[in-house]
1. Here's a check for you: in segment 64-86, which residue that is hydrophobic (A, V, I, L, M, F, W, C) and in a loop (DSSP other than H, G, I, E, B) is nearest to residue 16 (Cα to Cα)?
2. Just checking, how many residues over segment 28-50 are of a type in the set (Ser, Thr, Tyr) and part of a strand (DSSP E or B)?
3. Could you tell me which residue of segment 1-55 is modelled with the highest pLDDT, considering only residues that are acidic (Asp, Glu) and either surrounded by 11 or more Cβ atoms within 10 Å (Cβ to Cβ) or assigned by TED's automatic domain parsing to the domain that holds residue 72 (or both)?
Amino acid sequence: MINNQRSHVLFQILNMEDDQNWYKAELKGQEGYIPKNYIKVKPHPWYAGRISRQVAEEILLKKRFLGAFLIRDSESSPGEFSISVK
């Protein structure tokens, strides 16, 4: 979810990669494009995005406690996610 800087409306971002200046978003069932500079992305701390399994393991090795985890984009199944756990 994205917090719009001007009116504090939460959008669901559907695609951030097709255009470097525009995001495809959904709000109340309606889809459209919004300018990238119009919103502020507040990612979850556990979402790592497009990183490899090896990089995820390296990150988790630095964590101090068992049970640390992160979610990343799946390398083998595009559009899906993978979870890495310490």
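1. Here the residue is 68.
2. Of the residues in that region, 2 qualify.
3. 31
The values are calculated or read from the model by the stated rules, or taken from the named source; none is laboratory data. Quantities reported herein were computed from a predicted structural model and do not represent experimental measurements. Backbone-built Cβ (ideal geometry, glycine too); neighbour counts: all protein chains shown.
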